[in-house]
Amino acid sequence: MHSGLYNRAILRIAIKPRGPLLIRAGHTAEENSLPFEHNVETPHGNSAAVPFIPGSSLKGVIRNHYERVAGSCGIRVCDLFSNSACGRETRADSSTSDTEGEFYASSLCAACKVFGCDASAGRFWVEDAMPSQQNPPTRQLRATLPIDRLLGSGRSASAADFEAVVGGEFETRIILENFELWQLGMIGIVLMDIDDGLVQIGGLRSKGYGLVSLNFDSCEFFFAKPGLPTERIYGVGSLVSEKQRGQFGYMTEDWLVLKLPSRSETGADQGMAAAIKYDIISDVFGLKYVVNSNEAVRSLFSMLLRNLLDYVSQQRTSADRTAGKREE
């Protein structure tokens, strides 16, 4: 599926720290310069160094919770760091004759299909989250003072300074290509859990650091197939041929009806309906949606739960059939 583009989703997100946030730099600071532990920094705009959240850090947090959610649903996920991780045996065996579709359907777990592994590139990207120019976060110097377990007093000799960032906003984009709708629904669950404070970002989590809220500025969809009806969003399973759908094991009904108001219902005098806005661009190359409100994106994630539940049901049925054949 990497040889062509069938669909794409671009999610623009504002990340707002609820409290202190520390994304540790990959080295310790020299004496009498920066705090012992400080945030990773990079040049940005007119500033020589600003704190930011690396895309790799965000992707790691999202993948880790994605695997937890998938596992709780009974969907197979591999241990990425073990010898039995997806694709390692296939990659080591040069005699394998699996096609791309067979490899995707049978050798990759639910997480590796999206985020990639040693043997297969991912289809999920997160850009570095940079400080908002209108509302940048503030640096804050803090200190830790270990408590003597015997005396109950602080050990000043073991005190250490570190830098946190508080307030403000970070802005980033999440990009997903050639996705099935259940995968987008799973990512939606992960992002909503982060927003609910169930998943933290960065270090010192046991001290309450890393809690953030998310604001979904917009979600842009592109479906590379001309003549599509404009009231739906489409997973890759509904955009490929029947042969490809069978080879890759895609869902048959990989689409979702959008329950969004028409253009005439998005005026300023329409009350709550005005919070849900979208644009449609249809041309010879395909169909493009831009859902540009936080409420609409959240509603979309809720609607995608149906596709996720259908996939979970399909996987459980397949597992039961496999177990039955083994007993026979």
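For the set 225/288; 59/225; 16/59, the pairs lying more than 20 angstrom apart at their alpha carbons are 59/225.
By the beta-carbon count within 10 Å of each Cβ, the least crowded to most crowded order of 236, 312, fewest first, is 312, 236.
Residue exposure proxy: 65, 38, 44, ordered by other Cβ atoms within 10 angstrom of their Cβ from fewest to most, comes out as 44, 65, 38. Each residue, residue 206 and residue 24, gets one label point 7 Å from its Cα in the Cβ direction; the gap between the two is 1.2 nm.
What the Cβ-Cβ distance of residue 242 and residue 105 gives, at R0 = 25 Å and to the nearest 0.05, is a FRET efficiency of 0.95.
Each label was represented as a point 7 Å from its Cα along the Cα-to-Cβ direction; for residue 133 and residue 47 these points are 1.3 nm apart.
No value in this document is a laboratory result; all are computed from the given coordinates. These numbers come from a predicted model, not from an experiment. Glycine also receives a Cβ, built like all others from the backbone with ideal geometry; neighbour counts cover every protein chain displayed.
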